[in-house]
Amino acid sequence: MTDVTSQPSKPAEQDRALLTNRQGHPVHDNQNQRTVGPRGPATLENYQFLEKISHFDRERIPERVVHARGATAFGYFEAYGRCGEQSIAQLTRAGLFQEEGKRTDVAVRFSTVAGGRDSSEVARDPRGFAVKFYTEEGNWDLVGNNLGVFFIRDAIKFPDFIHSQKPDPVTFERQDPNRVFDFISQSPEALHMITLVFSPRGIPASYRTQQGFGVNTYKWVNARGETTLVKYHWLPKQGVASLTAEEAAEIQGTDLGSHTRDLYDAFARGDYPEWELCVQLMEDHEHPELDFDPLDDTKVWPEESFPLHAIGRMVLDRAPENIFAENEQIAFGTGVLVDGLDFSDDKMLVGRTFSYSDTQRHRVGPNYLQLPVNSPKNARVATNQRDGQMAYAVDLGERQNPHVNYEPSILGGLREADYPAHDDQGPGITGRLTRKRIARTNDYQQAGERYLLSQSWEKDDLVANLVGALGQCDRPIQERMVWHFLLCEDELGQRVGDGLGISADDVRHLEPLATHALGEEEQQRLANLGKNGPRDVTGRTMTHCVPNERATAPTS
Ligand code: HEM
């Protein structure tokens, strides 16, 4: 006799729903396997047990190769119906922006980059800031970070960069500063991002108090087919607040999930975080007058020349009902744009656009877009795509002949949509096939400016964090990093050098990297290493220089 099946339900339990298996069969005994006699052996036709255990064996899908630790939230985007003081229709025909007060459902996923699925949320790392807009014209994903620039500018370097951030493949102990800075010391385009990640902004106090940036350059297209370069920025109404390494160490001593909890606790008490979406705009051409390339994601566009224009606001008000379905399986990608929004030729962006859906087909499965959290819930889907693992439904169009899963057809199949406006758009592109980096690399200027424009507690924390990490590196790596920092800004190089016992004279003899062509101004700075005087930052404003409050993350 089993100990449970023969027990009738107590009257108080009669109104609880019945447990079934996935075939809809009621489960009479969830405590005991079917066996020959109470002591076993177990039988192989034990369908209910085998289904339960084999499903459990497959409960995990591969975690994201980057951004594995994250939290999803839901809410809405509300358009202002204009772009600052300008008419937005003059700039983009994207439907979600046109009408003042128009709301679009959104799903947002905040994340850290390097750690695994259960890693600390107060690790020093950029934070992912990915937004899925469920528009009436299909989904738009804006897959950004909380820092305005990135470490590299060519997608072909991404796997190497990420390998250097992940634990040593032999010892697998932890992120190893010697490996991190081995890569960075040979990749001077990363200097600007390093001044941000090693500053307090590398550890936001919470997901609610961080900025968001599209980082890459995109395009807007209007009804006449005219294009404009655009960068996106999310500014938190809650303000920006960050932690020092000591504060973070204290929090993660007892709590690895402090940011997720902070966000969901805020929802529970009715405190809904809000961000304003702003854009910077540039005419769509190469801009030879600038000292940086508008398609270079290691650069910000200085605000005094390219002011921010507000286009809407986003409010988050709801946590997922199931973390696996809505956080693990949610899938964002830079290729997911709606009409009126377009790619630029930014080489990172193009590489990213391949990578996201490729990894999602591997990580979630070929039909990942049929999952409720990923499907365009406010637009009709009608493809001729069929089958594949986990095909959930057939997305027939209205009145579509179900026998016709191809196009063109005269038998009642799907037809192509009318093209909304001009097919040809943007400047003409000519060039020869090549493997060259962009001409205006200018790797040090904005990093130096960023240092000078930091608040003094940010500068102190940046220097302390760099000295702490570089102190664990081999001497040649330390020397090259001090050389780079001196090229950014005398004071930064000297302060980091002082902490490591390395002076400008110790590194003056270093030749420029073989892979790096210094510009004229950089060569002059090199000739004068350590004695260039502060850069002139009068009037300069950068989006990621908004005040940063020193805070302790809420832990209750
Ligand atoms: C060439 C450079 C890059 C490549 C190849 C790349 C690739 C990837 C991959 C494979 C994932 C995992 C996606 C998934 O499993 O669903 C990912 C996630 C992510 N990436 Fe990138 N990435 C690049 C650069 C960037 C940059 C510059 C940003 C920020 C502007 C960024 C932001 C994100 C975010 C926010 C996520 C997490 C999305 C989520 O929450 O599901 N990535 N990236």
Discussion item. Contact order normalised by length for the chain, with contacts defined as Cα pairs under 8 Å and 6 or more residues apart; what percent is it?
Written reply: 17 percent
Worksheet entry | Sequence-distant residues sharing a close amide H with THR135 (under 5 Å, placed H) | TRP140
Worksheet item: How large is the charge dipole for the chain, taken about the Cα centre, if only the Cβ atoms of Lys, Arg (+1) and Asp, Glu (-1) carry charge, to the nearest 20 debye?
Response: 1260 debye
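Mind putting a number on the dipole of the range 57-370 about its Cα centre? Charges go on the C-beta only, +1 for Lys and Arg and -1 for Asp and Glu, and I need it in Debye to the nearest 20.
That gives a dipole near 580 debye.
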Worksheet entry | Note, ³J(HN,Hα) from phi for the range 400-410, Karplus 6.51, -1.76, 1.60, rounded to Hz, x at Gly and Pro | 5, 5, x, 7, 10, 10, 8, 8, x, 7, 10
Worksheet item: What are the ³J(HN,Hα) values, in whole Hz, obtained from phi via the Karplus relation 6.51 cos²θ - 1.76 cosθ + 1.60 with θ = phi - 60°, for each residue of the range 370-379 in sequence order, with x given for Gly and Pro?
Response: 7, 5, x, 5, 9, 7, x, 5, 9, 9
Worksheet, complete the sentence: antiparallel share of DSSP beta bridges within the chain, to nearest 5, in %, is 95 percent
Worksheet, complete the sentence: In degrees rounded to 10, the 0-90 angle between helix 47-57 Cα long axis and the longest Cα principal axis of the chain is 0 degrees
Response to the item:
Farthest towards the positive end of the dipole of the range 343-402, among SER355, THR383, VAL394 and with Cβ unit charges of +1 on Lys and Arg and -1 on Asp and Glu, lies the Cα of VAL394
Worksheet, complete the sentence: Checked against a 23 Å limit on the C-alpha separation, the offending pairs among LYS219/LYS299; LYS157/LYS531; LYS132/LYS237; LYS132/LYS231; LYS166/LYS436 are LYS157/LYS531; LYS166/LYS436
Worksheet item: Normalised by the residues of the range 169-287, what does the relative contact order come to in percent, with Cα pairs under 8 Å and at least six apart?
Response: 28 percent
Worksheet item: Considering only the other residues whose Cβ falls under 10 Å of the Cβ of ARG550, what net charge follows from Lys and Arg at +1 and Asp and Glu at -1?
Response: -4
Discussion item. List the residues, sorted by chain then number, that are 5 or more residues from GLY312 or on another chain and whose placed amide H is less than 5 Å from its amide H.
Written reply: TYR80, LEU277
Worksheet item: Going by how many other beta carbons lie within 10 Å of each one, how would you line up GLU549, GLU226, GLU520, fewest first?
Response: GLU520, GLU549, GLU226
Response to the item:
Sorting THR228, ALA504, ILE162 by the position of each Cα along the dipole of the chain (Lys, Arg +1; Asp, Glu -1; all at Cβ), the one nearest the positive end of that ordering is ILE162
Worksheet item: So, by mean Cβ neighbours within 10 angstrom, what's the order for 141-151, 400-410 with the highest one leading?
Response: 141-151, 400-410
Practice prompt. Select from ASN139, VAL546, ALA325 the residue farthest towards the positive end of the dipole of the chain; place +1 on Cβ of Lys and Arg, -1 on Cβ of Asp and Glu, and compute about the Cα centre.
Written response: ALA325
Worksheet entry | Dipole magnitude of the range 402-516 about its Cα centre (Cβ charges: Lys, Arg +1; Asp, Glu -1), debye to nearest 20 | 440 debye
Worksheet item: For the range 210-223, in order, what is each residue's ³J(HN,Hα) by Karplus, 6.51 cos²θ - 1.76 cosθ + 1.60 with θ = phi - 60°, in whole Hz (x at glycine and Pro)?
Response: 10, 7, x, 9, x, 6, 6, 8, 10, 10, 10, 10, 9, 5
Discussion item. Relative contact order for the range 422-556: what percent, with Cα pairs under 8 Å and sequence separation of 6 or more?
Written reply: 26 percent
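Can you give the local net charge around ARG480? Use residues other than it whose beta-carbon is closer than 14 angstrom to its beta-carbon, Lys and Arg +1, Asp and Glu -1.
Numbers: positive: ARG475, ARG508; negative: ASP182, ASP443, ASP474, GLU479, ASP506, GLU511.
Counting the neighbours of ARG480, the net charge comes to -4.
Just so you know, all these numbers are worked out from the coordinates, no wet-lab data involved. This one's a predicted model, so the numbers in the text were calculated from it and none came from an experiment. Cβ: placed from backbone, ideal geometry, glycine included. Neighbour counts: every protein chain shown.
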